[in-house]
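Chemist: Before I ask anything, here is the structure I am working with.
The values are calculated or read from the model by the stated rules, or taken from the named source; none is laboratory data. Being a predicted model, the structure only gives us computed values, none of them experimental. Cβ sites come from the backbone with ideal geometry, for glycine too, and all protein chains shown count toward neighbours. SASA here: full protein model, heavy atoms, side chains in, ligands and nucleic acids out. Shrake-Rupley method; radii C 1.70, N 1.55, O 1.52, S 1.80 Å.
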Amino acid sequence: MALFTPAAVAIEATEGLAAEAGFLARHAKALAVLRSLAVSALLALATVAVIELVTRGSLQQTYAYLTNLQQPGWTTTGIFFLLYLAIDALIGRQHKAVLLVSPLVVLMGVISQQKQVFLTDPLYPTDLLFGRQILELLPVLVQDRPWTAAALALAVAAGLVGLVGLWVFAWRRFRPLTRRERLTRLAIALPLLAGFVSIMDYNEFSWMRDRLKVFPIMWDQAENYRHNGFVMAFTINLPMANVKAPAGYMIDAIDKIPSKPLPAGTTHRSKPDVIVVMSESLWDPTRLQSVKLSPDPMPVIRESSSGNVFSPEFGGLTANVEFEALTGFSNAFLPTGSIPYQQYVRKPIPSLATFFRAEGYTARAIHPFSGWFWNRTSVYKAFGFETFKDVDRMPPLAKRGNFTSDEALTKEIIRQADAQENPFFFFAVTLQGHGPYDDGRYKKTDVAIDGTLDARENRMLASYAQGVKEADQSLKMLMDWAKERDRETIIVVFGDHLPPLNTVYKNSGYMPGVTASRKGTAEQMKKEHETPLVIWSNKTGVEKEIGTISPAFLSYYILKEAGYEHPYYTGFLGAVHDKLRVIDRYMLIDAKGNATADWARRKTVDPLVRDFRFLQHDIMFGKQYGLERFFDSHAELMSAGY
């Protein structure tokens, strides 16, 4: 019997292997499906890891995001997993979705990281609305960094070739999905994805969203992107174009906002002409304490200083500053990252243009660039400007570097003003001060830089300071012309935001980083957001000691300087101004300089701020209950079919 034991063992082993082989054969399809799902899950995890590594720039932070159960790293991975399953099912082959989705989202991550370098903020869904603007500026950026641009072009070309190769490889190697597999994947993935989308409106509370650790932090987008990750935060921001009415908004709330009848006309001997110039990236570079500039690049602006504008932006997004200056409304009441010019101005909106037109003025906008940029052609029409002179509607103007010079634009403003018979309101936006501040913009710079900066930063700052010097000289030219006029002429000049000087700020010790902070003390915020303001009349001189104000209050000062009263611009806005000077998304600063941080998150809001928000929403998005009472001239122009 013992002689047959080895044979018996061999037979049993063979039978075991056969049984195992039979099991594998019977479940081969199931194992293949599990293997495919596991690969899709790993690809989803890899996609999220790469995106977060690109946007965060830190392996440690990326690891923490994926392993911290209080953050939605695994939720994001699960969404990509479901998305890959659904797209693979639609295509009919496994693992093809990653080749379509991952390059796109990684590219968006790269763009977001670069935007943070230059403009502080990450990429928002609304940024996609002005892709054409970015393309228009590409030649300038290429000229500034040709080798970087060439390297990027080669990388893009190599990436495209690699993607095509991977696509061909995948098509040959990755098996097609059966009809049953495709339908099963769609039946599972689509309802789950639809359910997830349904809970992503940040205006509505969601118990399930909280369980998934997705927390919309709309008041602090930096924290929103840090906690939720790039893809999830970007998704959360998608509904931002849908602006909901503030709690309590109704006709009774608007009716309770006080107003009083005001006299018509101006207190001046005649209707003064008004020229407002928003100077691109105008700022005082002598504020850099560790750097000495000689001579002073802005003596005229300094001597004629009225105060400062507290810009809601940094390094860009000029249109948001312009929106406040022309309408007297505030970006603080709009979703973070929104751009009113692109998203919200879709109908006639009251502005300084409609006010002056109702007073018999010619209202004209002037900007030496394309009218589609920032959607200005449509916006200026909605604001009531009669004409918009863009680059295509003006004679060729001399350039300094890549952009129209301030001197040439000022001469064109004077030429157009001299041709007017009626009183006029001109709103001009300059271009020379626009970055980047490359070495080759000016053959010679007249401002010497002495300090601790390196050679490259010195050249960048010298290039920027030269632009400030020429903006200052252009203001002098405009003032000298106005002094010779009999009719009163009011000139207002202000900067839209600080320039994108990158490492100059950090290495000079002016700011801790290369971009401004969104939150901080009042002193810090003013330091990083103040731009020069000049309000001057050829009859009365400089309007002094205005202090620091939000751009929304410029309309109040312009009408006061011109001798006009208005239910909104000098009435309601004047009442707000008496109490508050800065209304920012994250901070209020009152007339005494006291700051209230994170005011929007408090249970109670100042009644004036509440009414301000009500009235702005009413005019921009609501039923316009207060139009005739607060914007009577605009209502009259609308009824006349302006």
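Chemist: Scan the stretch 479-506 residue by residue and report those that are within 30 Å of residue 458 (Cα to Cα) and buried (at least 18 other Cβ atoms within 10 Å of the Cβ). So that I can check it myself, show each step before the final result.
Modeler: Of the residues in the stretch 479-506, the ones within 30 Å of residue 458 (Cα to Cα) are 493-506.
Scanning the stretch 479-506 gives 493, 494, 495, 496, 497, 498, 499, 500, 501, 502, 504, 505.
Chemist: Further question on the same structure: Any idea how many residues of the stretch 594-605 are part of a loop (DSSP other than H, G, I, E, B) and either modelled with pLDDT of 90 or more or more than 27 Å from the chain's Cα centre (by Cα) (or both)? Full working, then the answer.
Modeler: Of the residues in the stretch 594-605, the ones part of a loop (DSSP other than H, G, I, E, B) are 594, 598, 602-605.
Keeping just the survivors that are either modelled with pLDDT of 90 or more or more than 27 Å from the chain's Cα centre (by Cα) (or both) gives 594, 603-604.
Within the stretch 594-605, residues that are part of a loop (DSSP other than H, G, I, E, B) and either modelled with pLDDT of 90 or more or more than 27 Å from the chain's Cα centre (by Cα) (or both) number 3.
Chemist: If residue 609 passes every condition in (1) touching a residue at least 60 places away in the same chain (Cβ under 8 Å); (2) open to solvent by less than 40 Å² (accessible area, probe 1.4 Å) but one, which one does it miss?
Modeler: Single failed check for residue 609: (1).
Chemist: Further question on the same structure: If I filter the stretch 293-311 for residues that are on the phi > 0 side of the Ramachandran plot and touching a strand residue (DSSP E or B) at 6+ places or on another chain (Cβ under 8 Å), do I get at least one hit? I'd like the intermediate steps shown before the answer.
Modeler: So in the stretch 293-311, the residues on the phi > 0 side of the Ramachandran plot come out as 307.
Then keep just the ones that are touching a strand residue (DSSP E or B) at 6+ places or on another chain (Cβ under 8 Å); that gives 307.
Yes - at least one qualifying residue is present in the stretch 293-311.
Chemist: State which residue is farthest from residue 413 (Cα to Cα) when the search covers only the stretch 472-513 and only residues that are assigned to a helix (DSSP H, G or I) and more than 31 Å from the chain's Cα centre (by Cα).
Modeler: The extreme case among them is 483.
The rows are residues; the columns are (1) modelled with pLDDT of 85 or more; (2) under 20 Å from residue 572 (Cα atoms); (3) polar (S, T, N, Q).
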{"residue": "243", "(1), (2), (3)": "no, no, no"}
{"residue": "249", "(1), (2), (3)": "yes, yes, no"}
{"residue": "266", "(1), (2), (3)": "no, yes, yes"}
{"residue": "271", "(1), (2), (3)": "yes, no, no"}
{"residue": "275", "(1), (2), (3)": "yes, no, no"}
{"residue": "278", "(1), (2), (3)": "yes, no, no"}
{"residue": "286", "(1), (2), (3)": "yes, no, yes"}
{"residue": "292", "(1), (2), (3)": "yes, no, no"}
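Chemist: Let me ask something additional. Please go through (1) farther than 21 Å from residue 309 by Cβ; (2) in a strand (DSSP E or B) for residue 589 and return the number of the only condition it doesn't satisfy.
Modeler: (1)
Chemist: Going by the structure shown, is residue 516 touching a Phe, Trp or Tyr at 6+ places or on another chain (Cβ under 8 Å), buried (at least 18 other Cβ atoms within 10 Å of the Cβ) and in a loop (DSSP other than H, G, I, E, B)? First the steps, then the outcome.
Modeler: Numbers: touching a Phe, Trp or Tyr at 6+ places or on another chain (Cβ under 8 Å): yes; buried (at least 18 other Cβ atoms within 10 Å of the Cβ): yes; in a loop (DSSP other than H, G, I, E, B): yes.
In short, yes.
Chemist: Could you grab me the full set of residues in the stretch 339-380 that are within 18 Å of residue 568 (Cβ to Cβ) and among the hydrophobic types (A, V, I, L, M, F, W, C)?
Modeler: Correct list: 345, 349, 352, 353, 355, 356, 358, 363.
Chemist: Is it true that residue 539 is surrounded by fewer than 20 Cβ atoms within 10 Å (Cβ to Cβ), of a type in the set (Lys, Arg) and within 16 Å of residue 287 (Cα to Cα)?
Modeler: On the way: surrounded by fewer than 20 Cβ atoms within 10 Å (Cβ to Cβ): yes; of a type in the set (Lys, Arg): yes; within 16 Å of residue 287 (Cα to Cα): no.
It is false that residue 539 is surrounded by fewer than 20 Cβ atoms within 10 Å (Cβ to Cβ), of a type in the set (Lys, Arg) and within 16 Å of residue 287 (Cα to Cα).
Chemist: List the residue pairs whose Cβ atoms are under 6 Å apart, where the first residue sits in the stretch 151-168 and is open to solvent by 60 Å² or more (accessible area, probe 1.4 Å), the second is among the basic types (Lys, Arg) and assigned to a helix (DSSP H, G or I), and the two are 6 or more positions apart or on different chains.
Modeler: That search, which allows pairs on different chains as well, returns nothing.
Chemist: Please enumerate the residues belonging to the stretch 312-326 that are at pLDDT below 95 and either on the phi > 0 side of the Ramachandran plot or of a type in the set (Gly, Ala, Ser) (or both).
Modeler: Of everything in the stretch 312-326, those that are at pLDDT below 95 and either on the phi > 0 side of the Ramachandran plot or of a type in the set (Gly, Ala, Ser) (or both) turn out to be 315, 316, 317, 319.
Chemist: Now for a different question. May I ask you to list pairs of residues, at least six apart or on different chains, whose Cβ atoms are under 6 Å apart, with the first in the stretch 549-569 being at positive phi and the second being at pLDDT below 95?
Modeler: From the stretch 549-569, the pairs are 563/266; 563/267; 563/268.
Let's see how each residue does on (1) in contact with a Pro (Cβ under 9 Å, 6 or more places away or on another chain); (2) surrounded by fewer than 19 Cβ atoms within 10 Å (Cβ to Cβ); (3) aromatic (Phe, Trp, Tyr); (4) more than 25 Å from residue 342 (Cα to Cα):
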site: 61; (1), (2), (3), (4): no, yes, no, yes
site: 66; (1), (2), (3), (4): no, yes, no, yes
site: 69; (1), (2), (3), (4): no, yes, no, yes
site: 80; (1), (2), (3), (4): no, no, yes, yes
site: 84; (1), (2), (3), (4): no, no, yes, yes
site: 87; (1), (2), (3), (4): no, yes, no, yes
site: 92; (1), (2), (3), (4): yes, yes, no, yes
site: 95; (1), (2), (3), (4): no, yes, no, yes
site: 109; (1), (2), (3), (4): no, no, no, no
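Chemist: Looking at the stretch 495-508, is at least one residue in contact (Cβ under 8 Å) with a residue 40 or more places away in the chain and charged (D, E, K, R)?
Modeler: Checking the stretch 495-508: at least one residue is in contact (Cβ under 8 Å) with a residue 40 or more places away in the chain and charged (D, E, K, R).
Chemist: Let me ask something additional. Mind checking whether some residue in the stretch 616-623 is within 23 Å of residue 245 (Cα to Cα), touching a Pro at 6+ places or on another chain (Cβ under 9 Å), open to solvent by less than 20 Å² (accessible area, probe 1.4 Å) and not β-branched (Val, Ile, Thr)? Full working, then the answer.
Modeler: Taking the stretch 616-623 first, the residues within 23 Å of residue 245 (Cα to Cα) are 616-623.
Okay, now just the ones that are also touching a Pro at 6+ places or on another chain (Cβ under 9 Å), so 617, 619-620.
From what's left, open to solvent by less than 20 Å² (accessible area, probe 1.4 Å): 617, 619-620.
Still in the running and not β-branched (Val, Ile, Thr): 617, 620.
For the stretch 616-623, residues within 23 Å of residue 245 (Cα to Cα), touching a Pro at 6+ places or on another chain (Cβ under 9 Å), open to solvent by less than 20 Å² (accessible area, probe 1.4 Å) and not β-branched (Val, Ile, Thr): present.
Yes/no per residue for (1) within 25 Å of the chain's Cα centre (by Cα); (2) under 23 Å from residue 225 (Cβ atoms):
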| site | (1), (2) |
| --- | --- |
| 78 | no, yes |
| 82 | no, yes |
| 87 | no, no |
| 90 | no, no |
| 96 | no, no |
| 99 | no, no |
| 108 | yes, yes |
| 117 | yes, yes |
| 123 | yes, yes |
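Chemist: Could we say that residue 117 is open to solvent by 40 Å² or more (accessible area, probe 1.4 Å), in contact with a Gly (Cβ under 8 Å, 6 or more places away or on another chain) and in a helix (DSSP H, G or I) here?
Modeler: On the way: open to solvent by 40 Å² or more (accessible area, probe 1.4 Å): yes; in contact with a Gly (Cβ under 8 Å, 6 or more places away or on another chain): no; in a helix (DSSP H, G or I): yes.
No.
Chemist: Another question about this same structure. What number of residues within the stretch 404-456 are hydrophobic (A, V, I, L, M, F, W, C), buried (at least 18 other Cβ atoms within 10 Å of the Cβ) and free of Cβ contacts under 8 Å to residues at least 60 places away in the same chain?
Modeler: Of all residues in the stretch 404-456, those hydrophobic (A, V, I, L, M, F, W, C) come to 408-409, 413-414, 417, 419, 424-429, 431, 447-449, 453, 455.
Checking which are buried (at least 18 other Cβ atoms within 10 Å of the Cβ) leaves us with 408-409, 413, 417, 424-429, 431, 447, 449, 453.
Still in the running and free of Cβ contacts under 8 Å to residues at least 60 places away in the same chain: 408.
Total meeting the criteria: 1.
Chemist: Among (1) of a type outside the set (D, E, K, R); (2) in a strand (DSSP E or B); (3) surrounded by fewer than 20 Cβ atoms within 10 Å (Cβ to Cβ), where does residue 534 come up short?
Modeler: With (1) of a type outside the set (D, E, K, R); (2) in a strand (DSSP E or B); (3) surrounded by fewer than 20 Cβ atoms within 10 Å (Cβ to Cβ) applied to residue 534, the lone miss is (3).
Chemist: When you check residue 473 against the structure, is it open to solvent by 20 Å² or more (accessible area, probe 1.4 Å), of a type in the set (S, T, N, Q) and modelled with pLDDT of 95 or more, yes or no?
Modeler: Spelling it out, residue 473 is indeed open to solvent by 20 Å² or more (accessible area, probe 1.4 Å), of a type in the set (S, T, N, Q) and modelled with pLDDT of 95 or more.
Chemist: Oh, and also: So is residue 527 in a loop (DSSP other than H, G, I, E, B) and open to solvent by 40 Å² or more (accessible area, probe 1.4 Å) or not? Give the derivation first.
Modeler: Values: in a loop (DSSP other than H, G, I, E, B): no; open to solvent by 40 Å² or more (accessible area, probe 1.4 Å): yes.
The answer is no for residue 527.
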